[in-house]
Amino acid sequence: MCRNERRFCRCGRNSASLQFRDNILFPEILLSLFCPQCQDMTIWDETAMLRDCGWILEYDIPGAQALLNQRGVKGTATPEFLFDEGYLTWQGLAPGDLEVNAELHRQLAPLIEQDLARYLQALKSEWVKHAAELKATGWRKAQAT
Ligand SMILES: [Zn+2]
């Protein structure tokens, strides 16, 4: 089970859906979230922050390390480790992916009655297209797809 949570950035204009792999970390471990419009409100610190297409996630690294140790997860808590291993990262590939996915389902819903196979195929191909766009834009999680 992975917990999901929506978090607003510092300026409050944008939000991101977050995923917590195995519920080891919790929302407070993300000290701050900055969107492209408020990333200037912080001072870059590579030991605690990760940058992804203009967004910045700031982690409580000592807190994260303690929780990982407690649950027997081997690894050094770094922003890259927490993000790439899914312990505290975007839900989906980018901050707005939950909405993109919901919108896709909504748009294609009429197909369900007509042709279920086509619906599933369309869902899949639209999502692949979306992931390719994110990859081209440079989103970190999309690079791994
Ligand atoms: Zn912001």
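The values are calculated or read from the model by the stated rules, or taken from the named source; none is laboratory data. All values reported here derive from a predicted model rather than from experimental measurement. For neighbour counting, all protein chains shown are included, and Cβ atoms are generated from backbone atoms with ideal geometry for every residue, glycine included.
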Pairing a residue in the stretch 26-41 that is in the same structural domain as residue 13 (by TED's automatic domain parsing) with any residue that is charged (D, E, K, R) and more than 8 Å from the ligand (Cβ to nearest atom), where Cβ atoms lie under 6 Å and the two sit 6 or more apart in sequence or on different chains, gives 27/5; 29/60; 31/58; 31/60; 32/58; 33/7
Does residue 133 fit the bill of being part of a helix (DSSP H, G or I) and over 19 Å from residue 4 (Cβ atoms)? yes
Just need a number here: residues in the stretch 1-16 that are in contact with a Pro (Cβ under 7 Å, 6 or more places away or on another chain) and modelled with pLDDT under 95. 1
Any chance the stretch 8-20 includes a residue that's in contact with a Leu (Cβ under 7 Å, 6 or more places away or on another chain), among the hydroxyl-bearing types (Ser, Thr, Tyr) and within 16 Å of the ligand (Cβ to nearest atom)? yes
If residue 93 satisfies all but one of (1) buried (at least 18 other Cβ atoms within 10 Å of the Cβ); (2) within 15 Å of residue 24 (Cβ to Cβ), what's the number of the condition it fails? (2)
Against the definition (outside the structural domain of residue 127 (by TED's automatic domain parsing), away from the ligand (no atom under 15 Å from the Cβ) and surrounded by 20 or more Cβ atoms within 10 Å (Cβ to Cβ)), how does residue 68 come out, yes or no? yes
Only one residue in 134, 108 is in contact with an Asp or Glu (Cβ under 9 Å, 6 or more places away or on another chain), in contact (Cβ under 8 Å) with a residue 24 or more places away in the chain and not assigned by TED's automatic domain parsing to the domain that holds residue 20, so which one is that? 134
